[in-house]
Amino acid sequence: MSNKVNIGLIGFGTIGSGVVKILHSRKAFLKKKTGVEINIKRICDKDLKSRRIVKVRSSLLTKKADDIINDSSIDIVVELIGGVHPAKEIIEKSLRKGKYVVTANKALLCEEAESIFAMSKTLGKDIYFEAAVAGGIPIVKSIKEGLIANKFLGIYGILNGTSNYVLSLMAEKDCSFTQALEEAKKKGYAEKNASLDVEGIDSAHKISLLCYLAFGKIVKVKDILVEGINRISSLDIRYAKELGFKIKLLAIAKKDKDKLEVRVHPTLIPEGNLLASVDGVYNGICLSGDLTGRLFFYGKGAGRFPTASSIVSDIVELTKNIKAGLFKSDINIIEDKSVKLLEKTGEFQSRFYVRFMAIDKPGILAKISGVLGDFGISIASVTQKERKFAKAVPIVMITHIAKEEPLKKAIKQIDNLSIVKEQTVAIKMEDI
Ligand code: HSE
């Protein structure tokens, strides 16, 4: 058996060029560790003109994915183009051609989980996806291998680097959401379509994959309660801080007996919690195993080299498996049919941070709290801020545990009052 494994890379952008750079510059280092030469046989991208951080022979480059898929000497296809199509077709064709697959494509794995994983199992060809969740943090391997003896109880994750960077910058510079997002885009953290990041969809894709790994349950984005950070203002971040909280876009999966609850939304968490100290492009994951208790993972969740590090780790592992003649396709991920996903209904309850913008006149507070009372919402604390705004003052309330549906109805009624000058903001709270 030759001591070489050939790689075909599809997608030579930010992450792809990082992978090539690592595989070139650490070729001898990786060979020493694995005993195998990892050789990049072909690279495909629709743009072959742009300058990259690494130079490659032009004979390696192609615009046609089929040049890689149909090359029988290629053992592993690394798909880094993102999006569902044509990535799905590329991966399926590659598996059918007997290739192993590495991908960072969380959207595809989440939306097409059943068919892709089933095909990988049937054909006996692994599909690895460490880089799909939390960039450089080896969370997939940790759940699949390091923590295999555990039954998992809950996952709380800051899984989107862009949103976390945006929230952190808004807090630090007191800037607007739009300004902060522009910065995140410049740094190359955001998806091509940044609304995936800030509307919570990217986090939903990632928590869905973690649910599959940890609970054996395939959860679709449409079944997850998802809210983004686009309506959070630096005002809310500041007021939350004054109350001893930070606002984070949290992806949450909690299991109680056979019930699984999965949601993604901006969340006020106590400042003292470890997740609250995860700032900038960093990701943080708090995972509860029944044997280990709580574990905390922290690291860069986006960016060229952290993500490329995870992809190379998958390539190396597959390389070792190929040489050992092993097929390990998610052998330890057993679909657990007994797990039932809780529906996203108005039954959801938590404490809420609520900010009203109302005119500053006697009796206003009584009117607002009256409507809340009518809907059974109990207020734990109220602060009225100094008048700095032309027309209205912010009134910040923390509720006791309340059901979301009646709160929404109460807010709708309050927002229709002429004393309220802006749409009210309500943010969920979580005692982690
Ligand atoms: N856009 C993603 C993020 C990249 O910001 O986390 C990594 O998946």
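If only the Cβ of Lys and Arg carry +1 and only the Cβ of Asp and Glu carry -1, the dipole of segment 139-300 around its Cα centre is close to 440 debye.
Close amide H pairs (under 5 Å, H built 1.01 Å from N) link residue 43 with 9, 61, 62, residues at least 5 positions away or on another chain.
Using θ = phi - 60° in the Karplus curve 6.51 cos²θ - 1.76 cosθ + 1.60, the 3J(HN,Hα) couplings for segment 423-428 round to 5, 6, 9, 10, 10, 6 Hz; x is entered for Gly and Pro.
Quick one: net charge around residue 306, please, counting Lys, Arg +1 and Asp, Glu -1 for every other residue with C-beta under 12 Å from its C-beta.
Values: positive: 300, 304; negative: 130.
Net local charge, residue 306 excluded: +1.
Take the Cβ atoms of residue 2 and residue 344, set R0 to 56 Å, and the FRET efficiency comes out at 0.60.
Given a 1.4 Å probe and the protein chains as shown, residue 93 ends up with an accessible area of around 80 Å². Here, the chain has an Rg and a Dmax of 24.0, 85 Å when only alpha carbons are counted. Distance between the modelled labels on residue 351 and residue 292, one decimal in nanometres: 2.9 nm (7 Å Cα→Cβ projection).
Given a cut-off of under 8 Å on Cα pairs at least six residues apart, what relative contact order in percent is computed for segment 1-86?
43
Measuring only protein heavy atoms, the 1.4 Å probe finds residue 24 accessible over about 80 Å².
When the P(r) is computed for segment 212-251, the part past 12 Å accounts for 70% of the Cα-Cα pairs.
For segment 349-429, the normalised intensity computed at q = 0.12, 0.13, 0.18, 0.21 Å⁻¹ comes to -0.29, -0.34, -0.66, -0.90 (log10 of I(q)/I(0), Debye sum over alpha carbons, equal scatterers, no solvent). Along the positive direction of the dipole of the chain (beta-carbon charges: Lys, Arg +1; Asp, Glu -1; about the Cα centre), which of 369, 72, 392 reaches farthest? Working it through, the farthest residue towards the positive pole turns out to be 72. Here residue 144 is the anchor, and the aspartates and glutamates within straight C-alpha reach of less than 19 Å, apart from those fewer than 8 places off in the same chain, are 114, 126, 130, 290, 314, 317, 330, 335, 336. The residue 24 and residue 421 beta-carbon pair, evaluated with R₀ = 51 Å, returns a calculated FRET efficiency of approximately 0.30. In units of the compact-protein estimate 2.2 N^0.38 Å, segment 152-297 shows a Cα radius of gyration of 1.02.
With 0.36 nm allotted per residue and the present C-alpha distance subtracted, the residue 391-residue 182 stretch has 72.3 nm of extension available. GNM remark for the chain: springs join alpha carbons under 10 Å apart, and the peak mean-square fluctuation among 383, 103, 399 falls on 383. Going by Cα centres, segment 69-127 and segment 271-295 are how many Å apart? The distance from the Cα centre of segment 69-127 to that of segment 271-295 comes to 31 Å. Scalar couplings 3J(HN,Hα) for segment 120-134, obtained by applying the Karplus form with A = 6.51, B = -1.76, C = 1.60 to θ = phi - 60°, are 4, 5, 4, 7, x, 10, 5, 10, 10, 8, 3, 6, 6, 10, 6 Hz; x denotes Gly and Pro.
Given the pairs 255/320; 248/385; 63/106; 27/206, which are separated by over 26 angstrom at their Cα positions?
Listed pairs above 26 Å: 255/320; 27/206.
Given 0.36 nm per residue, what is the gain on full extension from residue 242 to residue 408 after removing their alpha carbon distance, in nm?
Fully extending the segment from residue 242 to residue 408 adds 57.3 nm.
Bridge orientation summary for the chain: considering DSSP beta bridges with both residues in this region, about 65 percent are antiparallel. Given the options 190, 207, 265, identify the residue whose Cα lies farthest towards the positive end of the charge dipole of segment 148-270 (+1 on Cβ of Lys, Arg; -1 on Cβ of Asp, Glu). So the residue we want is 207.
The values are calculated or read from the model by the stated rules, or taken from the named source; none is laboratory data. What you are looking at is a predicted structure, and each value in this text was computed from that prediction instead of being measured. FYI the Cβ positions are ideal-geometry reconstructions off the backbone, even for glycines, and counts take in every protein chain you see. In case anyone asks, the SASA skips ligands and DNA or RNA and just uses the protein heavy atoms, side chains included. Shrake-Rupley method; radii C 1.70, N 1.55, O 1.52, S 1.80 Å.
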